[in-house]
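Bear in mind these aren't lab numbers, they're just calculated from the coordinates by the rules spelled out. On a predicted model such as this, the values are computed, not experimentally measured, just so you know. Cβ sites come from the backbone with ideal geometry, for glycine too, and all protein chains shown count toward neighbours.
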Amino acid sequence: VNGESGTNYRGLLEAAPDAMVVVNQDGAIVLLNLQAEKRFGYRRDELVGQQVKNIIPEGFAERLLADGLRSAEDALAQQIGTGIELTGRRKDGSEFPIEIMLSPLESAEGILVTAAIRDISVRKDAEKHLAQMEGRYRGLLEAAPDAMVVVNQDGAIVLLNLQAEKRFGYRRDELVGQQVKNIIPEGFAERLLADGLRSAADALAQQIGTGIELTGRRKDGTEFPIEIMLSPLESAEGILVTAAIRDISVRTKAEAHLLQSELEAQGLRNDLAHAGRVATIGELTTSLAHELNQPLTAILSNAQAGQRVLGTAPLDLEELGEILKDIVEDDKRAGEVIRRLRSLLRKGDPRMRALDLNEALVEAARLVSGDAIVRGVSIRLELAAGLPPVRGDRVQLQQVALNLVLNGMDAMQDSGARDRVLVLRTATAGAKTVRVEVRDSGTGISEGDMGKIFKTFYTTKPDGMGMGLAITRSIVDVHGGRLEAHNNPDGGATFAFTLPISHEGT
Amino acid sequence: VPNTTRLVSIVDDDRSVRRALRRLVQFAGFSAETFASAEDFLSSAALDRTACLVLDIHLNGGMSGFELQAQLTADRVVIPIIFITAHDDVLTREHLETSGAVAYLFKPFNDELLLDAIRGAVGGAATHGLAPVS
């Protein structure tokens, strides 16, 4: 490396970001740059002419030497361009990981070797760290109580734990490298993939931490319900997905059992509500007889008037037409009473839907109107205009109103009060609630009874069963409302219940 | 006295019943006026002309039929009363039996029962106002 070309080469060496050392075929250093001085902690003159083994104790000089099997050229040719990881030794004896790249340099003294030496401590540390992490991760995987499967973005399984082997009935080597679809046929791989709308990272981000219920398939083809939780894992190969897979067969069974019990309880509640309605209708016989007798009276009288018309000459067809029209109207009216009665007696699952409470209350009030008339009670409806719809079962809510109205009328019967007025009032109470009040002018509730009236089998009536208010309250509860009672300052009691406003619209 | 001059007043809170009874009574040859409440009847000019009162017991709101009867007695207004009711129970029957009414009928009732009671109340055998077809 002499003369002009030598000078140029030296310039190139100094410009290189790596430590550069030029070595001859005897393994002696002939040239080096400033980076090499700094890296190894020597002054230049301390290294030139010295064996390269002093700074790279192993693996470099050996590569340059001919041996029995090959020439020096061949030996070198094998190494050209390859990154070789070795250890560098500083003047103070400390060592550090290096990567060297070799290239040949023809010179007057024969072939020289230029070695670009890169300090890879940082990378090595990172790799070591990663290896540790991987080791730890593997440890964690095995320690996890759930089956754990790590999947890459192609949907292939790259890692799994013992639990996963057991759960799915495969040996580890039967699963690694296979598509995760083999053990989770649907809903998992799809979640990892990018589509037109989102990147893989976004797709994954949407699923992280969420419990997803899917179906697992064992090697023998049997399937079982699983819940998977996904978490991302950055790795050299890109983002991997760790899936914790839990067998939820037991839980599903427990849930089914719970659901069954809930259904049974609900069925029981519905049966009770129905029994309550049947009892209520028992109390309504007076009302029903009255409500049916009125149209029947009109029908009979009209029909007999019609018969009389037929006995006259000339035949008054106009009057006959009027009579028949009235008969039809009254027949419809009687039919309505029956229809209302049947809808109240209907047995079946409650149908929760948005409904017009005012309308339902008007119908309930009609059912008791005959009773009210016979008992000399005026029912006054004070229904708020534009009342928002509530969500509930129409029949059960009518049952609530009927029970409260009948109770109110009973209370007034006992009081002997002359002015028997029962007010049925609706109003909105805040943004989310509707309130219904049934206010009587009866005897009121005694202090001792106040805390007990909603209890099952508690009654103040001589022939009462003590079911009415308990059922009424349970219906209100199921509807997400509250039933309460208080005495009016001017006598009598008010029973009031709230219901949440429905946002479905009627 | 022709039947047409004999006024039968009907007090019932049910519009259909009022219309049907008015027809029957008119076909039988009487004049008929109907009232939806006891109060309406008491304040009407018909009060003095009424030969027979067909009175529903259970009136929606206001005075009951029994209360109207008591009021008439207190006012010394003597009108034969035929009670009608859609409600049949022991208490009502007891009250009816001691009420001094010329008749009481449970709804729905046959036209002849009502008309016979009216004829009995207004006195004498009433003749039909309209000639029957032969």
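Structural remarks
- Folded to 0 to 90 degrees: helix A:3-15 orientation relative to chain A principal axis, Cα: 30 degrees
- Note on A:LEU258 and A:LEU345: the extension gain reaches 28.4 nm, defined as 0.36 nm multiplied by sequence separation minus the Cα-Cα distance.
- C-alpha long axis of helix B:15-27 to longest principal axis of chain B, angle in °: 40 degrees
- Annotation for region B:67-127: trypsin sites (Lys or Arg not before Pro) lying in DSSP loop with at most 13 further Cβ atoms inside 10 Å of their Cβ are B:ARG76.
- Values of log10 I(q)/I(0), in the order q = 0.17, 0.25 Å⁻¹, for region A:245-324 under a Debye, Cα-only, solvent-free model: -0.82, -1.06
- By the count of neighbouring beta-carbon atoms within 10 Å, fewest first, B:LYS107, A:LYS91 end up ordered A:LYS91, B:LYS107.
- Across A:LYS332/A:LYS432; A:LYS181/A:LYS253; A:LYS124/A:LYS219; A:LYS124/A:LYS166; A:LYS91/A:LYS128; A:LYS128/A:LYS181, pairs whose alpha-carbon gap is larger than 30 Å: A:LYS332/A:LYS432; A:LYS124/A:LYS219; A:LYS124/A:LYS166; A:LYS128/A:LYS181
- Beta-bridge orientation, the protein assembly as shown: approximately 75 percent antiparallel, per DSSP, counting only bridges with both partners inside.
- Ranking of B:PHE66, A:PHE495 by neighbouring Cβ atoms within 10 Å, starting from the fewest: B:PHE66, A:PHE495.
- Likely footprinting exposure, A:HIS503, A:HIS290, fewest C-beta neighbours within 10 Å first: A:HIS503, A:HIS290
- Of interest is the spacing of the C-alpha centroids, which for region A:15-53 and region A:112-136 amounts to 22 Å.
- Separation of the A:THR87 and A:ASN8 label points, Cα + 7 Å toward Cβ, nm: 4.0 nm
- Take each residue of peptide B:74-86, count the partner chain Cβ atoms within 10 Å of its Cβ, and average: the result is 1.
- Average projection, convex hull of the Cα set of the protein assembly as shown: 56.1 square nanometres.
- Straight Cα distances below 29 angstrom link A:LYS325 to the lysines B:LYS107, with same-chain residues fewer than 8 positions distant left out.
- Degrees separating the helix A:468-478 axis from the principal Cα axis of chain A, which is the longest one: 30 degrees
- Euclidean distance between Cα centres, region A:330-389 to region A:255-284, Å: 22 Å
- Taking amide H positions as modeled 1.01 Å from N, with prolines and chain starts lacking one, the residues under 5 Å from A:LEU86 and 5 or more places away or on another chain are A:ILE98, A:GLU99, A:ILE100.
- Averaged over peptide B:101-107, the number of partner chain Cβ atoms lying within 10 Å of each residue's Cβ comes to 2.
- Per residue of peptide A:241-251, the mean number of Cβ atoms on other chains within 10 Å of the residue Cβ is 0.
- Close amide-amide hydrogen proximity is noted between B:ALA32 and B:VAL8, each under 5 Å apart and 5 or more residues distant or on a separate chain (H modeled in the peptide plane; Pro and chain starts excluded).
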